[in-house]
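Novice: Input: one structure, supplied below.
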Amino acid sequence: MKASDFGDDFFWGVATAAAQIEGASASYGKGPSIWDTFSKRPGKIKKGHHPEMACDFYHRYKQDIALLKSLGFSVFRFSISWSRILPSGQGAVNQEGIRFYHQVIDECLLQGITPYITLYHWDLPEALEQEGGWTAFSINTAFNHFVKVCAKTYGDKVKNWIVLNEPFGFTSLGYMLGIHAPGKTGLTNFFSAVHHTAIAQAEGGRILRAEVAGANIGTTYSCSQVVPYTQSDADVLAAKRVDCLMNRLFIEPALGMGYPQADWDVMEKFSINHSTWRHTERLTFDFDFIGLQNYFPITIKYNAFIPVLQAWEVKAKSRKKPHTGMGWEINADSFYNVIRQFAAYPKVKNLIITENGAAFHDKLTGTRVHDQERISYFKLYLEALLRAKKEGINIKGYMAWTLMDNFEWAEGYNARFGLAYTDFKTQERIVKDSGLWFREFLSQ
Ligand code: FCB
């Protein structure tokens, strides 16, 4: 397999997110985000880590863009920190923040790298969380304002836009399970966050369409093939409920299909039954591309003791399946299968793999990191992707997660996903063997 097998118009990039790399979290006029405050709460982030310094990308963006270029990538996906642009989420803009992203964009363009901007990658301004965050009706006005500011400011230079990063990820981990910021729990919080988020993805798309001439607009979804543990009716139905949540909850309203409540009636009980034409229309947007982010499949078994969902994940480890340092199952066929699942929606025009990668327990040996496991992972997953592409699925590009080890949310700095190793004491980047492998792969 060579990169050229994917075709001349297929692009290769790396993906990052502001809160995970920038640092300077309380400098240059930036307001606090929910991740700044959440990380101060004892026990929330492993080893008490926090995103204050992260990879210091704020001061090192030139080198980092040069680094991704040196590995042969042509696309850089990064996100805009909402509270750097609008310190309290709405109202007056912070000119220093505005200037920073101009500099990052200009540097990309200077180095011949195409920027893909994610508008929301999980770092909600804390001031908005104080008003209820994604559970509050008012979030939509604030989000629309943020989108408009970004589109008007950078729309002349940047044509590729991603409205949201993994809406199911942040609404479930942040508003139902409490493992991520802002640490809220329960289904009432979850479903109201879901609804406002689903509105935000469509309205964000509409604002970009109106403000940015020639825009290429997408949004991203975490996706995982959901596999029933056995073929018993109970397991199959439990897997179906989980699939509604993990894979269908946000894309179906965006495509004009409404929420997948016909397959899981609990949504109606949580007043998410917005099936009138007006709601359906408000939740719909004609995205130019759908971003898929895949890491692992999930195996589901019926379990009567789990409230509402009555489903339980049987982990890769306990099934003795190969897994990454995060315990995530390595299964490239499931990547292929979930791509097919999303490509089967007739209204999906183009797909882009906007994240894929793996964390392992990397060790620095002198000046090298011999991460053979990560190389094997990428080879397997890229072969599966090529298979899907050769079958005619419209996949435009691939972005590896991620350029360099960074702040991995509740896991702190210990989960290393980078193609370059970050020495967090010196901020040195050391290209891992997997980064060198990509350089070789992309040159062919
Ligand atoms: C995704 C997130 C990304 C990163 C990877 C490992 O779910 O979008 O920020 O944390 O997982």
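Novice: Report the paramagnetic label zone for Glu313: residues of segment 166-208 whose backbone N is under 11 Å from a point 7 Å from Cα along the Cα-to-Cβ axis.
Specialist: Correct set: 173.
Novice: Suppose each label sits 7 Å from its Cα in the direction of the beta carbon; what would the Tyr28-Leu177 distance come out to in nanometres?
Specialist: Simple spin-label model gives 3.3 nm for this pair.
Novice: Follow-up. Where in the chain are the DSSP H helices whose alpha-carbon span along the long axis reaches 30 Å or more and whose Kyte-Doolittle mean is at least -0.5?
Specialist: For the chain, where a helix must reach 30 Å along its axis and average at least -0.5, the hits are 187-211.
Novice: Just want to confirm a number: the relative contact order over the chain, from Cα pairs under 8 angstrom separated by 6+ residues, in percent.
Specialist: 17
Novice: Follow-up. So if the hydrodynamic radius of segment 321-444 is defined as the Kirkwood radius over C-alpha pairs, what does Stokes-Einstein give as its diffusion coefficient at 10 °C and 1.306 mPa s, in µm² per second?
Specialist: Calculated translational D: 102 µm²/s.
Novice: Let me ask something additional. Of the listed peptides 289-302, 340-353, what is their order by residue-averaged count of other C-beta atoms within 10 Å, with the highest listed first?
Specialist: Averaged packing, sorted descending, gives the order 289-302, 340-353.
Novice: Which of rounded, prolate or oblate describes segment 91-148 when judged by the alpha-carbon gyration tensor and an a/c cut-off of 1.5?
Specialist: Prolate, because a/c is 1.5 or more and a/b exceeds b/c.
Novice: Give the relative contact order (percent, whole number) for segment 272-374; include only Cα pairs under 8 Å separated by 6+ residues.
Specialist: That works out to 30 percent.
Novice: Let me ask you something else. For the chain, set up a Gaussian network in which alpha carbons nearer than 10 Å are linked by springs, and say which option among Glu96, Glu126, Glu391 fluctuates the most.
Specialist: Among Glu96, Glu126, Glu391, the largest GNM mean-square fluctuation belongs to Glu391.
Novice: Beta carbons within 10 angstrom, averaged per residue: use that to sort the peptides 370-376, 354-360, highest first.
Specialist: Highest mean packing first, the order is 354-360, 370-376.
Novice: Another question about this same structure. Checking a compactness column here: for segment 29-131, what do you get for Rg(Cα) / (2.2 N^0.38 Å), N being the number of residues?
Specialist: 1.17
Novice: Just subtract the alpha-carbon distance of Lys62 and Glu96 from 0.36 nm times their residue separation and send over the number in nm, one decimal.
Specialist: 10.5 nm
Novice: What percent of all Cα-Cα pairs in segment 194-315 falls into each 5 Å bin, going from 0 up to the bin containing the maximum distance?
Specialist: Pairs per bin, as whole percents: 2, 11, 18, 19, 17, 14, 10, 5, 2, 1, 0.
Novice: OK, next. Please quote Rg/Rh for the chain to two decimal places, taking the Kirkwood radius as Rh and restricting both calculations to Cα atoms.
Specialist: 0.93
Novice: Moving to a separate point now. Between Lys347 and Glu268, 0.36 nm times their residue separation minus their Cα-Cα distance comes to what?
Specialist: Gain in length upon complete extension: 25.9 nm.
Novice: Using a Gaussian network model of the chain with C-alpha springs under 10 Å, which one of Glu411, Glu131, Glu166 is most mobile by mean-square fluctuation?
Specialist: In the Gaussian network model the winner is Glu131.
Novice: Continuing with this model, one more query. Calculate, in nm to one decimal, what His145 and Lys157 gain on full extension: separation in residues at 0.36 nm each, minus their alpha carbon distance.
Specialist: Between His145 and Lys157, full extension yields 2.4 nm more.
We did not get these values from a lab; they are worked out from the coordinates using the rules stated. Since this is a predicted model, take the numbers as computed values, not measurements. Heads up, the Cβs are rebuilt from the backbone with ideal geometry, glycines too, and the neighbour counts pull from every protein chain shown.
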